[in-house]
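Engineer: Take a look at this one; I'll ask things after.
The values are calculated or read from the model by the stated rules, or taken from the named source; none is laboratory data. Note that this is a predicted model, so its numbers are computed, not measured. No Cβ is skipped: glycine too gets one built from the backbone with ideal geometry, and neighbour counts run over all protein chains shown.
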Amino acid sequence: MSEGVANVIGMSETSPSPAAAGAPIVGPDAGRRAFLGVLVNTAAANVTTSYLWFALTFWVFLETRSVLATGIIGGAYMLLLALFAMLFGTVVDRHRKHRVMVVSGVVTLVAFLLAGALWLALPESALLDLGGPWFWIFSAVVLGGAVVENMRNIALSTTVTLLIPEERRANANGLVGTVQGLSFVVTSVFSGLSVGQLGMGWTLAIAIALTLVALVHLFTIRIPEKRPESTGERQPAVDVRGAVRAVRASPGLFALLIFSTFNNLIGGVYLALMDPYGLQLFTVEAWGLVLGVTATGFIIGGALVAKFGLGRNPIRTMLLIVIGMGVLGAAFTLRDWWWLYGVGIWVYMALIPAVEAAEQTVIQKVVPFETQGRVFGFAAAFESASAPITAFLIAPIAQFVIIPYMDGPDGSATWGWLLGDGIGRGIALVFVFAGLIMVVVGAGAFLTRSYRVLSARYQAAPADPAAEATAVPAAGEETSSLAARAGGVPDAEIPARDAPERAPGSDA
């Protein structure tokens, strides 16, 4: 397996090692071992937190039958991720990546242990009382542990820059998507089976044990990296200004983040309603198996990116996929046929790795290594904020307005020709309109100036961030960035490491 992965990411014995701005030059052997170790360990951590996260969602819906509760839990997860992503990115930039991953693992373990203590100390009825405090405290502790684990994913994105040559990073990002898909398969299957057969108590115990195993394994991994240099000045814990400066230093990068949120907009609808709809078609055990089988789409999609890359223009590829996701979202619940729903989810999951890999590949190419953590954190915060907004809006609207309307005679008479008269027609109507909105927004992005500028910038960027970050401008060469001038920021306020040099005449 190691040799096959090494071939995919271009880290053979004769491959040149990457040289990212602010990063050490890593030999091929050390780079390959470190990347594989980090990839496997992060996959194990993702399996564990997703396993408990899925189990909590299944358990809450089965015991309460409340779409509102599952929508709030799903939206809260994305909201917490949005709130803390900037902090995570700042931490990643200021510390060695291995240390960041260890701290993340320890905090997640402590959170899961606290959730286990609450389970043992309180009756299950108290934990399921939506009107009492313990349900929300218990859910918040579990979600907190899952959110902190995402700091590993930001660190993993920066280690791709650190360890993988630029020309193979799109493939490596696809490989990351493949591993995450494999994790999703395992998680989906075992979460449903665990809740259905063992109950939430044993599910918690398993999650705690797996988190401990992943943490112990992490101590056996070594990432060849120098200690990040300190500026000697007092810096804020959450470096929002530094992240914004780094984004603005690469003209068009902010537009990339806008484009990436398109996927998360429809993702918020899925977050709130996909499980309730699926659990009306299947038993909890069968639904877990369905998610496990359909998650092989993650593996196939990630493998295709790892094999073929994303083409000359990853931004164009991303927008085409977003449009495809919209068409899919409008069609896969037109009838309450289990096979239509299953196929639709599989295709949707197969498209996700390419969208994620496109964003990561662009950032890894145009942003200096020492600021990538903050940029990835900024991106995660910006994109994650869209999902809870739609989830929080859609869950109560679906629960109290759309579902009762579609269950009544007026809704059936108005939309029956399109959606039929099966179960879950209210949720199906939400999916149709969400998908159509995605198509319109994705197609409109092709007409924007930001799309044209960002595409040109990506194709004209140097082969490696180090080429810009370490370049010495020739006499008389203009060094201010287009982004700084457009935003009205004086050139002197943008440090050289945050504002890569550009070739004369590259403003076009």
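Engineer: Got at least one residue in segment 17-32 being at negative phi, out of contact with any strand residue (DSSP E or B) (no Cβ under 7 Å at 6 or more places or on another chain), buried (at least 20 other Cβ atoms within 10 Å of the Cβ) and at pLDDT 65 or above?
Structural biologist: Yes: one or more hits.
Conditions tested, residue by residue: (1) part of a loop (DSSP other than H, G, I, E, B); (2) on the phi < 0 side of the Ramachandran plot; (3) of a type in the set (Asp, Glu); (4) in contact (Cβ under 8 Å) with a residue 24 or more places away in the chain.
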position: 401; (1), (2), (3), (4): no, yes, no, no
position: 421; (1), (2), (3), (4): yes, yes, yes, no
position: 455; (1), (2), (3), (4): no, yes, no, yes
position: 458; (1), (2), (3), (4): no, yes, no, yes
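Engineer: Mind checking whether some residue in segment 247-261 is assigned to a helix (DSSP H, G or I) and either modelled with pLDDT of 80 or more or of a type in the set (S, T, N, Q) (or both)?
Structural biologist: yes
Engineer: Related question: Any residue at all in segment 307-316 that is on the phi > 0 side of the Ramachandran plot and of a type in the set (Gly, Ala, Ser)?
Structural biologist: yes
Engineer: Looking at segment 345-367, which of the residues that are over 21 Å from residue 179 (Cα atoms) and out of contact with any Asp or Glu (no Cβ under 7 Å at 6 or more places or on another chain) is modelled with the lowest pLDDT?
Structural biologist: Selected residue: 366.
Engineer: Something else now. Return the pairs, sorted by first residue and then second, in which the second residue is surrounded by 11 or more Cβ atoms within 10 Å (Cβ to Cβ) and modelled with pLDDT under 80, the first residue lies in segment 218-234 and is aliphatic (A, V, I, L, M), the beta carbons are less than 6 Å apart, and the residues are 6+ apart or on different chains.
Structural biologist: Sorted first by the residue in segment 218-234, then by its partner, the pairs are 223/34.
Engineer: Out of all the residues in segment 54-98, which are over 30 Å from residue 126 (Cβ atoms) and either without any contact (Cβ under 8 Å) to a residue 40 or more places away in the chain or outside any helix (DSSP H, G or I) (or both)?
Structural biologist: Of everything in segment 54-98, those that are over 30 Å from residue 126 (Cβ atoms) and either without any contact (Cβ under 8 Å) to a residue 40 or more places away in the chain or outside any helix (DSSP H, G or I) (or both) turn out to be 95, 96.
Engineer: Let me ask something else about it. Just the residues that are of a type outside the set (A, V, I, L, M, F, W, C) and in contact (Cβ under 8 Å) with a residue 12 or more places away in the chain, please, taken from segment 126-164.
Structural biologist: Correct list: 139, 144, 145, 149, 150, 152, 153, 157, 158, 159, 161.
Engineer: Quick one: which of 111, 140 is on the phi < 0 side of the Ramachandran plot and surrounded by fewer than 21 Cβ atoms within 10 Å (Cβ to Cβ)?
Structural biologist: Going through 111, 140 in turn, just one is on the phi < 0 side of the Ramachandran plot and surrounded by fewer than 21 Cβ atoms within 10 Å (Cβ to Cβ): 140.
Engineer: In this structure, is residue 152 modelled with pLDDT under 75, in a helix (DSSP H, G or I) and over 25 Å from residue 275 (Cα atoms)?
Structural biologist: no
Engineer: Here's a check for you: in segment 278-316, which residue that is in a loop (DSSP other than H, G, I, E, B) and not aliphatic (A, V, I, L, M) is surrounded by the most Cβ atoms within 10 Å (Cβ to Cβ)?
Structural biologist: 309
Engineer: Being buried (at least 17 other Cβ atoms within 10 Å of the Cβ) and more than 23 Å from residue 209 (Cβ to Cβ) is the filter here; which residues of segment 115-135 pass it?
Structural biologist: Listed by number, the residues that qualify are 128, 135.
Engineer: If you don't mind, there's one more thing I want to ask. Among the residues of segment 155-194, which ones are modelled with pLDDT under 75 and over 18 Å from residue 309 (Cα atoms)?
Structural biologist: Matches in segment 155-194: 182, 183, 184, 185, 186, 187, 188, 189.
Results for (1) buried (at least 24 other Cβ atoms within 10 Å of the Cβ); (2) without any contact (Cβ under 8 Å) to a residue 60 or more places away in the chain; (3) farther than 18 Å from residue 260 by Cα, shown as yes or no for each residue.
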residue: 318; (1), (2), (3): yes, yes, no
residue: 347; (1), (2), (3): no, yes, yes
residue: 351; (1), (2), (3): no, yes, no
residue: 361; (1), (2), (3): yes, no, no
residue: 376; (1), (2), (3): yes, no, no
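Engineer: Please specify each residue of segment 317-342 satisfying the condition of being assigned to a helix (DSSP H, G or I) and over 15 Å from residue 270 (Cα atoms).
Structural biologist: Listed by number, the residues that qualify are 317, 318, 319, 320, 321, 323, 324, 338, 339, 340.
Engineer: Which one of the conditions (1) over 30 Å from residue 393 (Cα atoms); (2) at pLDDT below 80; (3) surrounded by fewer than 23 Cβ atoms within 10 Å (Cβ to Cβ) does residue 41 fail to meet, given that it meets all the rest?
Structural biologist: So the condition that residue 41 fails would be (2).
Engineer: Between 340, 419, 454, 436, which is surrounded by 18 or more Cβ atoms within 10 Å (Cβ to Cβ), farther than 18 Å from residue 160 by Cβ and modelled with pLDDT of 85 or more?
Structural biologist: 419
Engineer: Taking the stated definitions as given, is residue 49 at pLDDT 85 or above, in contact with a Gly (Cβ under 9 Å, 6 or more places away or on another chain), in a helix (DSSP H, G or I) and of a type in the set (S, T, N, Q)?
Structural biologist: Yes, satisfied.
Engineer: Let me ask something else. For segment 90-103, indicate whether the set of residues that are buried (at least 16 other Cβ atoms within 10 Å of the Cβ), under 16 Å from residue 376 (Cα atoms) and of a type in the set (Ser, Thr, Tyr) is non-empty.
Structural biologist: yes
Engineer: While we're looking at this one, here's another question. Kindly provide the set of residues from segment 195-217 that are touching a residue at least 40 places away in the same chain (Cβ under 8 Å) and more than 18 Å from residue 113 (Cβ to Cβ), ordered by number.
Structural biologist: Matches in segment 195-217: 195, 196, 197, 217.
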